Amino acid sequence: MKKVVVIGGGIIGSVVASALSEAGAKVYLLEAKYFTYGSTGRSTGSITSQQRHPQLVERAIETKKLIPELKKKYEELGVPFAQRFLDDESPHIAIAFNEKDYEDLKKLAEIWSQGGAKVEEAEPSKVKELVPWIDENSFYKAFITPNDYKLMPHPFTWANIAAARILGAETYTYEPVVKIDVKDKVLVETESGKKFEGDVAVIAAGAKSLELLKMLNEKLNIDVKSYYAAGMVTEPFKYEMRPTIRVFKHSYRFTQTVRKEYVATIDNMGFENPEYSTEDSYEFLVKASTITVKLMPPMAYVNILRSWGAYCDYTEDGLPIVGWSPKYEGKIYYIFGFNDYGLSVGPSVARRAAKEIADGVKDPALEPYRPSRK
Ligand SMILES: Cc1cc2nc3c(=O)[nH]c(=O)nc-3n(C[C@H](O)[C@H](O)[C@H](O)COP(=O)(O)OP(=O)(O)OC[C@H]3O[C@@H](n4cnc5c(N)ncnc54)[C@H](O)[C@@H]3O)c2cc1C
């Protein structure tokens, strides 16, 4: 039986852990804090085909198909949260504030179509049919991907972890990995002194994967940086809003959750975050509130209950890093660098990656993401 140590309990590590357990591997899932502590638990939960590369659009469409399949599989396994993570169909409305942004957005919308997404151009009046209290005069035009989706990131991650555990995985929280030794086997050590031996270690630590690369003395050709992101949630609001609104060029998105509160995030505030700060920020609150109220004036009367900071791992070419380490082929597998789209693209990629690790057969769909690319 193959032994695999998975480092990082976000959406990526949790999907890899459940898929590998399903494939018959003995999995040890190690998390530095609590599951979902990283960007996964700080995200909006949108599963969207609005991606910057056609192959990422394909993976996001695949994730959308995968979620109900996993729900069924996990219910059969007896996972207690399985029924909770499936949220809703949620048309994604990408809004351009002016004509110039609209022209750029149009180019991006062509990429969504190339990747197989259904895309509709929308005048403000059409958007108002979907979101009745939006101010039609506050933006220029929009593109809609009507078949997108939203998901509750916490129960989804926990459901994967619960499935992995039912299938024999051992999971550990508050066990940051501090040392990795690659010899015949891979020896992974945590801060408390626990040691885990595996045939393979999977680095799925989001932006902090960079720290693990340092431990392994490995430098990849492709540059990865950690950027500051942030989010907030309001009190429950009586107006219902199924769609997710994205404001092009502001990295801003917001939607309503099943609990009726509004969740709004900016997944790149425009500056680096090498310390991985999760402090909230006044600058974010001002920016997000201003955009929200401009688009939806009634939101001015809604209280913000909580806000938070986050970090996202951005690669210079916008693609994730997925595959065997160039230095430790067959022993260390990287899967990180999911920019602002890890919920959308991640589950599909993570299932495929787990299959590669379990079977040893390379998946052509993952070729563009290899760690050795320049
Ligand atoms: C504000 C915000 C909004 C977003 N909204 C969306 C969205 O709506 N849709 C979408 O598709 N994407 C969205 N994203 C992006 C998405 O959240 C990420 O791409 C995705 O969550 C990355 O998942 P991950 O598992 O790779 O990383 P993470 O969720 O960061 O998980 C990595 C885990 O590894 C752990 N770890 C780190 N170091 C160690 C160590 N040494 N030992 C053990 N464990 C370690 C961390 O504690 C963490 O829990 C958003 C991101 C942010 C920040």
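Throughout, read-outs are computed from the coordinates displayed, never taken from laboratory work. These figures come from a predicted structure and were not determined experimentally. Glycine also receives a Cβ, built like all others from the backbone with ideal geometry; neighbour counts cover every protein chain displayed.
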Given unit charges at Cβ for Lys, Arg (+) and Asp, Glu (-), the dipole magnitude of region 181-283 about its Cα centre in debye, nearest 20, is 500
Taking Cα atoms only, helix 153-166 is inclined relative to the longest principal axis of the chain by an angle, in degrees rounded to 10, of 30
Projecting the Cα atoms of 140, 28, 292 onto the charge dipole of the chain, where Lys and Arg contribute +1 and Asp and Glu -1 at Cβ, the residue farthest towards the positive end is 28
Karplus ³J(HN,Hα) for region 37-43 (6.51 cos²θ - 1.76 cosθ + 1.60, θ = phi - 60°; Hz, whole; x = Gly/Pro) runs 4, x, 5, 3, x, 10, 9
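How much length would be gained if the chain were fully extended between residue 283 and residue 104, taking 0.36 nm per residue of separation minus their Cα-Cα distance, in nm to one decimal? Numbers along the way, then the final one.
Details: separation 179, 0.36 × 179 = 64.44 nm, distance 2.60 nm.
Fully extending the segment from residue 283 to residue 104 adds 61.8 nm.
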Rounded to the nearest 10 degrees, the helix 11-22 long axis (Cα) sits at an angle to the longest Cα principal axis of the chain of 50
Residue separation between residue 362 and residue 258 times 0.36 nm, minus their alpha-carbon distance, gives in nm 33.6 nm
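Can you give the relative contact order of region 90-212 as a percent, counting alpha carbon pairs under 8 Å and 6+ residues apart? Before the final figure, lay out the partial values.
Working: 138 pairs, mean separation 25.9, N = 123.
Relative contact order here is 21 percent.
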For residue 321, the residues 5 or more places away or on another chain with a placed amide H closer than 5 Å to its own amide H are 336, 337
Largest-first semi-axes in Å of the equivalent ellipsoid built from the Cα gyration tensor of region 1-123 are 34, 16, 15
Quotient of Cα radius of gyration and Kirkwood radius for region 15-63, i.e. Rg/Rh, equals 1.07
Answer in debye to the nearest 20: the dipole magnitude of region 232-352 about its Cα centre, from +1 Lys/Arg and -1 Asp/Glu charges placed on Cβ, is 600
Sorting 50, 9, 92 by the position of each Cα along the dipole of the chain (Lys, Arg +1; Asp, Glu -1; all at Cβ), the one nearest the positive end of that ordering is 9
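To the nearest µm²/s, what D does Stokes-Einstein give for region 226-374 at 37 °C and 0.692 mPa s, using the Kirkwood radius over alpha carbon pairs as Rh? Display every interim value, and only then the final one.
Values: Rh = 17.3 Å.
D, rounded to a whole number, is 190 µm²/s.
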Given pairs 106/150; 73/331; 73/355; 100/249; 141/238 and cut-off 21 Å on Cα-Cα distance, the over-length ones are 106/150; 73/331; 141/238
Region 295-318 and region 183-245 have their Cα centres apart by a whole-number Å value of 20
Under Stokes-Einstein, region 192-253 at 37 °C and 0.692 mPa s, with its Kirkwood radius over C-alpha pairs, diffuses with a coefficient in µm²/s of 198
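Calculate the dipole size of the chain relative to its Cα centre from +1 charges on Lys and Arg beta carbons and -1 charges on Asp and Glu beta carbons; express the result in debye to the nearest 20.
Numbers: 50 positive and 51 negative charges, 117 e Å.
Dipole of the chain, to the nearest 20 debye: 560 debye.
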Relative to the compact-globule estimate 2.2 N^0.38 Å (N residues), the Cα gyration radius of the chain stands at a ratio of 0.97
Quick shape summary for region 178-228, equivalent ellipsoid via Cα gyration tensor, semi-axes whole Å in descending order, reads 22, 13, 9
Quick P(r) readout (region 61-127; Cα-Cα; 5 Å bins; whole %) gives 3, 13, 18, 17, 12, 11, 10, 8, 6, 2, 0
Going from the fewest other Cβ atoms within 10 Å to the most, one would list 172, 252 as 172, 252
Rounded to the nearest whole number, the Stokes-Einstein translational diffusion coefficient of region 73-224 at 20 °C and 1.002 mPa s (Kirkwood radius, C-alpha pairs) in µm²/s is 107
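Given DSSP loops and a limit of at most 15 other Cβ atoms within 10 Å, what is the longest stretch of the chain that contains no such GluC sites (Glu not before Pro)?
Numbers: sites that count: 191, 240, 275, 279, 316, 329.
Segment 1-190 is the longest.
Rounded, prolate or oblate: pick one for region 99-142, where a ≥ b ≥ c are the square roots of the eigenvalues of its C-alpha gyration tensor, a/c under 1.5 means rounded, and failing that, prolate if a/b is larger than b/c, else oblate. Present the calculation step by step, with values, prior to reporting the outcome.
On the way: a/c = 3.86, a/b = 1.59, b/c = 2.42.
Taking the square roots of the gyration eigenvalues as a ≥ b ≥ c, region 99-142 is oblate.
First check a/c for region 317-364, with a ≥ b ≥ c the square roots of the eigenvalues of its C-alpha gyration tensor; if it is under 1.5, answer rounded, and if not, answer prolate when a/b is larger than b/c or oblate otherwise.
On the way: a/c = 2.49, a/b = 1.44, b/c = 1.73.
It comes out oblate by the Cα gyration axes.
Once you wrap a convex hull around the alpha carbon atoms of region 141-281, what is its projected area averaged over all directions, in nm²? Let's see the in-between values first.
Details: hull surface 50.9 nm².
Projected area, direction-averaged: 12.7 nm².
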Here the residues of region 29-73 lying in the modelled label zone of residue 170, meaning backbone nitrogen under 14 Å from a point 7 Å along Cα-to-Cβ, are 29-31
Taking Cα atoms, the helix 54-77 axis meets the longest principal axis of the chain at an angle in degrees (rounded to 10) of 70
Residue by residue through region 264-278, the couplings from Karplus 6.51 cos²θ - 1.76 cosθ + 1.60 with θ = phi - 60°, in Hz, x for Gly and Pro, are 10, 9, 10, 8, 7, 7, x, 9, 5, 9, x, 8, 6, 5, 10
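Helix-only estimate, please: 222 nm mean residue ellipticity of the chain, summing -39500 (n - 2.57) across DSSP H runs of length 4 or more and dividing by its residues, to the nearest 500. Please list the in-between numbers first.
Working: 8 runs with 112 residues, N = 374.
Value at 222 nm, helices only: -9500 deg cm²/dmol.
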What the 10 Å binned alpha carbon P(r) of region 203-307 shows, as percent of pairs per bin from 0, is 13, 39, 26, 16, 6, 0
